[in-house]
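The values are calculated or read from the model by the stated rules, or taken from the named source; none is laboratory data. Everything numeric in this text was worked out from a predicted model, so none of it was measured. Reconstructed Cβ throughout: ideal geometry from the backbone, glycine too, with neighbour counts over all protein chains shown. To get the accessible areas, we keep the full protein, side chains included, count just its heavy atoms, and leave off ligands, DNA and RNA. Shrake-Rupley method; radii C 1.70, N 1.55, O 1.52, S 1.80 Å.
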Amino acid sequence: MKLTKLRFSSFFKQVPLSSSMSPVRLHASNPNICADLADFQAPVSRLVDPFEYATDYIKLQEEFCHIAQKVHSFLRSAFNTVAIEKEKIKQLLLEQEQAGSSNQLASLRRSLSQALKQNAELRTRLNRIHNESTLSEQVVSVNIIPSPDEPSDQIHVGIPLTQQVSNESRLSMSESVSEFFDAQEVLLSASSSENEASDDESYVSDVSDNISEDNASVADSISRQIQNGDLARGVFRNGRRSCLPAPSHDTSSINLWNVLRNNIGKDLSKVSMPVELNEPLNTLQHLCEELEYSELLDKAAETEDPYERMILIAAFAVSGYASTYYRAGSKPFNPVLGETYECIREDKGFCFFSEQVSHHPPISACHCESKKFLFWQDMRWKNKFWGKSMEIIPIGAVNVTLPKFNDQYEWNKVTTCIHNILSGRRWIEHYGEITIRNTKSSACICKLTFIKGNYWSSNVNEIHGFVMDQEGKVVHRLFGKWHEGLYCGIPPSAKCVWRPGQLTSYLRDARKAGRSRKTFLSCFAGSMPTDYERYYGFTRFAIELNELCPEMKDLLPPTDARFRPDQRYLEEGNVEAAALEKQRIEELQRVRRRYNDENNIKYEPRFFKKVIDSNQRERWVSNSTYWDLRKSPGFSKLDYLTLW
C-alpha cells in the first residue's frame, strides 16, 4: 500500500490536475464518497491533495469489481437454479407418466386376477355339477346310410356322452360370462379346430347333437322315390368334396369407388359388379345353405313341449347367419330369371329346389321337403350403398311346417350390413328384430334382437331374446352370438341350444376315411375347413353346394346353377374367363327381357306360382311339379330357355 501511495504521489507531482476532476464529478460517479466533499466550499483554483483523489479512484475500482463479481455470481446462481428447476420438472413429469403407467398396469393386473378368480370358481362349480351328473351313461344314436358300394343295412353307431372338462376346450366367446355354461356340454368352436382331443373317451354333447339320424326319406310324395333310388338313380354319395378346386382371387387391386361412387344411396341390384368380388355360389344356393343345421328342425319335430319347439325353431333361424361371419369379402352371383338349383341331401333327409321367379324386383323362391318338416320362403333384397358400408335389406318371410303337431312357423329376416367396403378390413353384422309366430297356435311367440354394434364394441354379433306365452309372460330367455351359439336360460346355468359344428358330416367322413376316434374328435372341434380364409370363408357345407358329380349331370335341368359357366370358371380359378362369361350371360338376359317387353310376353316361373295369403301379401309357393317332372319324363326331355 505504501508503494502504491508513493507511485501515485510522484505521478501527481509531475502531472497537474485537470479541471474536470472536481469533487462534484467524483461525487456523482460514486455516491459513497464522504458527504463532506459535497459541502466543501474551497475555491476552484485551489488544488486538492492528489493522493486523496488516487485513494478515491482505487475505492471506486474495487467497489466496481466487487459489484461485477456479485452480478456474475448472481447470474450464475440464477442460471444454475433455472437448470435445476428444469431438470426437476422433467423428472416430475417422467415420474407422473411412470406412475400413471404403473396405475394402469396395476389396474389390469387386478382385473386379470379377478377374472382368473371368477374363472376358477366357475370351473369348480362346473366340476361339481359334472360329478353329480348322470349324463355320462347316455349315448347319441346315429344311423348312417351306406353308400351304394357298401352293404345296404344301415349302420347304427352309439356315441357315449362322457363329459370333457379340460383346458383344451376353448370358447371363442372368451370375454363372455357364458364361458362355462352347462355341465351337459363341452364348448368347442372354430377357434379350437386344431385342438387335438384328449386320449380319454370324451365326446361332445349338445342339444343340436342329440338327434337321431334316421331321416333317410322325405315327405310321403317323394319318400318312395328316395328309397328306390329313383331321384338320383343310385348315385347318393356320402363322400363329398372337402375343398374347392382353387383359392379365391386377390381383390386388393379392385377400385370399388369407381364402380359405386355414382350409386350412393341407390339400390345396387341393378349395378353390375366385377366378377372378382363374387364367390362361386349364387343366391339360390345361399337359400339352401340356411338348411345347414336342419337337424334342429328334425329335433323340433320330435319335441312335445311347444315352448321347447319354439326354442329350437329360434335356434334354426339364428343358425342361418352363422356361415356369413367369414364371408364379408365377397358376394354371391345374382341368379338370372329362370335359373334353378336342386340339392338332395340323403344324409340330412331332405330334398330342396329353388328358382329365380322375378328379375325386377329380384325374387328368389325355394321349397324343401323332409319326412319331418316342410321349409319354404320367397325372398327379395334391397341393396344400398352408403359410402363406407352397404346394407342388404331382406323382404319376405321364412316358413316352416311341422306336420306332426300341425305347426306352421313364420318369421322375418334382419338387415345385413357390410362395413369398410372401400378400404380396411371388411366385416359383416346383422341387426334388427326377428319375430317368430306359430300361425296355427297362439300358445307362444318368440322375439330375437340382433344387436347393432361397431367394430370396437364388446356386444358385436350379440343376440338377446325370449319366448313368452299368450299372456305375455316370459317363459324362456335366449342369448348368445349369431356366429358362436344360442343359449337358453340365465348364465352360468344356461343351456346351449345350438353351436356351429355338425356331427353328421364329420362322423360320415371319419367313417369313410377309416379315421381313428381321436382324429374324428379333432375334426369335429370346428365346422370350418382348413385354410378357409383362402377359399372364400366357406364352411364345409358351402363347399359341397356347387359340386357337380358326373352321375348327376343328366338328372338336373339345364337351368341348374351348377351349369352356370361364369360361376364354374370362378370356382376353378379362371377369373378372366369368368368375367367374359358373366358379361355374356347378363347381356343374354337383357336381350330376353327386351324381347318379352316388345312382344308383351309375361314370364311365368316353371316350378313356383304366385298366391295371395290371408294378409293380402304376395307369396311364391311350389306348384308341386319339380320332383314329378324330374322323374318323368325327365328334365333332359323338356324345353328350356337358353340362359347361358
Listed residues 398, 82 arranged by accessible area, highest first, probe 1.4 Å: 82, 398
Averaged across orientations, what area in nm² does the convex hull of the alpha carbons in segment 406-467 project? 5.0
For segment 340-486, report the translational diffusion coefficient in µm²/s to the nearest whole number, using Stokes-Einstein at 20 °C, 1.002 mPa s, and a Kirkwood Rh over Cα pairs. 122
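If N is the number of residues in segment 568-644, what value comes out of its Cα radius of gyration divided by 2.2 N^0.38 Å? Please report the intermediate quantities before stating the final value.
Values: Rg = 17.2 Å, N = 77, 2.2 N^0.38 = 11.5 Å.
Taking N as the residue count of segment 568-644, the ratio is 1.50.
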Please compute the Cα-Cα pair-distance distribution of segment 317-379 with 10 Å bins starting at 0, giving whole percents from short to long. 18, 40, 38, 4
Rounded to whole Hz, the Karplus (6.51, -1.76, 1.60) HN-Hα couplings of segment 608-623, x for glycine and proline: 9, 9, 8, 10, 10, 7, 5, 9, 6, 9, 6, 10, 10, 10, 5, 8
Links that overshoot a 20 Å alpha carbon limit, given the list 299/452; 299/348; 372/440: 299/452
Contact order normalised by residue count of segment 333-398, Cα under 8 Å, 6+ apart, percent: 20
At a probe size of 1.4 Å, how large is the accessible area of residue 423, to the nearest 10 Å²? 80
Estimated distance in nm for a label pair at residue 433 and residue 80, the labels positioned 7 Å out from Cα along Cα-to-Cβ: 7.8
Measuring from centroid to centroid over Cα atoms, what is the spacing of segment 420-466 and segment 584-644 in Å? 33
Peptides ranked, highest mean first, by Cβ atoms within 10 Å: ranges 536-548, 579-591, 476-488: 476-488, 536-548, 579-591
